[in-house]
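**Student:** I have a structure I would like to understand better, so I am pasting it below and will then ask my questions one at a time.
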Amino acid sequence: MAGKDGRVLVLGAYGFIGAEVLRNLLGEGFEVAGLGRNPQHASRVLSGVPFVKGDLLQLLAPEDWAPLLRGVEAVVNCAGVLQDMAPGELEAVHHTAIAALGEACAAAGVRVIQVSAAGAGPEAKTEFMRSKARGDAALLASGAQVHVLRPGLVIGQGAFGGTRLLRMLAAVPLVQPVALADAPVQCVGMGDVASAVAVAVRQELPPGIYDLVEDQPQTLEKVLAATRRWLGFAPARMAVRFPAKLLPPVAACADALARLGWRSPMRTTAIAEIRAGVRGDPAPFRAAMGRGMPPLKAIYASLPSGREQRLDARMALLMPVAVAVLSLFWLASGLIGLWQLEAAADVLRSKGWGSFLAGASVVFWSFVDIALGLAVLWRLWAARACLGMVAVSLIYLLFASVITPEMWADPLGPLVKVIPGILLALITLQLLEER
């Protein structure tokens, strides 16, 4: 067993699937280490677990992998990206790096468990699936001992990607919005994926390709209804079916947001995958193990659900709205300040400020507001922008209280209304934490 003779190295260890796989292997007594790009994320998600910093975009040759495989008996690859954030990213992460990994593992006698995706194939409709298939094929041709596990739509206690989208849609009150309602979907429980990986690591599953999916496909509309029931939301009074022709502009907007760092579950690839259907063949795994994967009803029955999951679903639904409101509020504040420059400067002049200093102050803080309103739209800067909004708001309140204290009694409440803005920025700051 690898838990006795060598480590199991998990790639993408702090991701949605990788973290659960790693925890399950630890629970079964394996010696495990994680590999990923961000040690800070790893320390938060996988506290106390040995971690190796590594970027698949830089591990493109067998010799790049060789130092990482010392003392390793098996590698579990849970890494992946939905679509290119930079040219060639899919090809590098799903194929080039994995082909190099296969060669290095074959030379070192290390086994590979590849967590791929149901539907991966050379003729698939998306580059995501085609690049996954190229990586799978390269591993199988490498000479290493390889298990390729291809899960369907993964349902787990946590939420990310497609699972997060399901919960967001299920959280819509009164009505159930759905597009591609009849798209076929075969699900699999996160625990069952992690168990299948452990079985492969223990070599209790013959090498080969296995789809990890329930026996019968469900329609997307039925999966949404089951998700809504599991979360404990009131049944929708009606389903609102959106025509498929509305999806391309939605996907285009999501793709544009992706360039700002927002990984929306509504990007072009995600919608194309749902349109094509999430399907696989459960027969090979059943034949090898004598059992199949539990159906969706049993998956949800095995997962506890309560206030935490409902709150997470509602907050995921509200987070884009919160970011948009903050951006519009701060942009409007800055632009109105520039538009009403003289009126705003007159307030300061009436308190004894010189004309130049009063005008310069209004212009400066107006541009600060505009900068914060733009910064919150860039995912990398969004959290810092929220903190900046809080800091600037407190500065406004402090100086206004000293210079124009009468504004606290203004019937329109210009200072009082700053306080809800501070709270919204603090709440959004928490919502931005993805994992």
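Each value in this text was obtained by applying a stated rule to the coordinates, not by laboratory testing. Computed from a prediction, not measured in an experiment: that's the story for all the values here. Cβ sites come from the backbone with ideal geometry, for glycine too, and all protein chains shown count toward neighbours.
**Student:** Say we join alpha carbon atoms closer than 10 Å with springs in a Gaussian network model of the chain; which of V148, V115, V250 then has the biggest fluctuation?
**Tutor:** Largest GNM mean-square fluctuation: V250.
**Student:** Residue-wise, which Karplus ³J(HN,Hα) couplings in Hz belong to the range 158-165, taking 6.51 cos²θ - 1.76 cosθ + 1.60, θ = phi - 60°, and x for glycine or proline?
**Tutor:** x, 9, 7, x, x, 5, 5, 4
**Student:** Provide the per-residue ³J(HN,Hα) series for the range 232-242, in order, calculated from phi with Karplus coefficients 6.51, -1.76, 1.60 and θ = phi - 60°, each as a whole number of Hz, with x at glycine and proline positions.
**Tutor:** Couplings: x, 7, 4, x, 5, 6, 7, 9, 10, 8, 8 Hz.
**Student:** Another question about this same structure. Over the range 367-435, what number does the Rg to Rh ratio reach, with both radii from the alpha-carbon atoms and Rh per Kirkwood? Walk me through the numbers before you get to the answer.
**Tutor:** Values: Rg = 13.5 Å, Rh = 12.9 Å.
Rounded to two decimals, Rg/Rh equals 1.05.
**Student:** Considering only the other residues whose Cβ falls under 15 Å of the Cβ of G232, what net charge follows from Lys and Arg at +1 and Asp and Glu at -1? Could you put the intermediate results ahead of the total?
**Tutor:** Values: positive: R167, R228, R229, R307, R310, R314; negative: E308, D312.
Cβ neighbours under 15 Å give a net charge of +4.
**Student:** So if R0 is 22 Å, what FRET efficiency would Q157 and L432 give, r being the distance between their Cβ atoms, rounded to the nearest 0.05?
**Tutor:** Numbers: r = 21 Å, r/R0 = 0.94.
With a Förster radius of 22 Å, E is 0.60.
**Student:** Can I ask one more? Please go through the range 296-398 and write out the trypsin sites (Lys or Arg not before Pro) that DSSP classes as loop and that have at most 12 other C-beta atoms within 10 Å. Could the numbers behind the result be given before it?
**Tutor:** Details: sites: K297, R307, R310, R314, R349, K351, R379, R384; in loops: K351.
Loop-located and lightly packed - K351.
**Student:** For the pair Q40 and A108, what calculated FRET efficiency results from E = 1/(1 + (r/R0)^6), where r is the Cβ-Cβ distance and R0 = 25 Å, to the nearest 0.05?
**Tutor:** Numbers: r = 30 Å, r/R0 = 1.18.
My answer for the efficiency is 0.25.
**Student:** Let me test this: with uniform point scatterers at the alpha carbons of the range 319-431, what is the Debye-based log₁₀ I(q)/I(0) at q = 0.12 1/Å?
**Tutor:** Here the Debye-derived log intensity ratios amount to -0.43.
**Student:** Assuming R0 = 30 Å, what is the FRET efficiency of K297 and V240, from their Cβ-Cβ distance, to the nearest 0.05? Walk me through the numbers before you get to the answer.
**Tutor:** Numbers: r = 25 Å, r/R0 = 0.82.
Step by step, r from the Cβ atoms, then E = 0.75.
**Student:** Further, regarding this structure: What value in Å³ per residue do you get for the convex hull of the alpha-carbon atoms in the chain?
**Tutor:** Working: hull volume 73.4 nm³, N = 435.
Convex hull of Cα atoms, per residue: 169 Å³.
**Student:** While we're here: Residues with amide H under 5 Å of V240's amide H, sequence separation 5 or more or different chain, H placed in the peptide plane at 1.01 Å from N; which?
**Tutor:** When sequence neighbours closer than 5 places are left aside, the close amide H contacts are Q176, V178.
**Student:** Taking Cα atoms, how many degrees apart are the long axis of helix 220-231 and the longest axis of the chain, rounded to 10 and kept between 0 and 90?
**Tutor:** 70 degrees
**Student:** Within the set K53/K125; K245/K417; K125/K245; K245/K297; K53/K222, which residue pairs have Cα atoms separated by over 29 Å? Walk me through the numbers on the way to the answer.
**Tutor:** Working: K53/K125 33 Å; K245/K417 41 Å; K125/K245 18 Å; K245/K297 31 Å; K53/K222 41 Å.
From the list (K53/K125; K245/K417; K125/K245; K245/K297; K53/K222), the Cα-Cα distance tops 29 Å for K53/K125; K245/K417; K245/K297; K53/K222.
**Student:** May I ask you to list the trypsin sites (Lys or Arg not before Pro) in the range 122-206 that are in a DSSP loop and have at most 16 other Cβ atoms within 10 Å of their Cβ? Spell out each step's value before the answer.
**Tutor:** On the way: sites: K125, R130, K132, R134, R164, R167, R202; in loops: K125, R202.
Answer by residue number: K125, R202.
**Student:** Determine the percent antiparallel among the DSSP beta bridges restricted to the chain, to the nearest 5.
**Tutor:** Details: 2 of 37 bridges.
Among the beta bridges of the chain, antiparallel pairing accounts for roughly 5 percent.
**Student:** Taking amide H atoms as placed 1.01 Å from N in the peptide plane, list the residues 5 or more away in sequence, or in a different chain, whose amide H sits under 5 Å from that of V52.
**Tutor:** Residues meeting the criterion, in which the H sits 1.01 Å from N, are G34, L35, G36.
**Student:** What does the convex hull of the alpha-carbon atoms of the range 98-232 project to on average, in nm²?
**Tutor:** Values: hull surface 36.6 nm².
Computed as one quarter of the Cα hull surface, the answer is 9.2 nm².
**Student:** Could you give me the ³J(HN,Hα) list for the range 394-404, computed from phi with Karplus coefficients 6.51, -1.76, 1.60 and θ = phi - 60°, whole Hz, x at Gly and Pro?
**Tutor:** 5, 5, 4, 4, 5, 5, 5, 5, 7, 8, 10
**Student:** Ignoring everything except DSSP H segments at least 4 long, calculate the 222 nm mean residue ellipticity for the chain; use -39,500 (n - 2.57) per segment, divide by total residues, nearest 500.
**Tutor:** Working: 18 runs with 223 residues, N = 435.
It lands at -16000 deg cm²/dmol.
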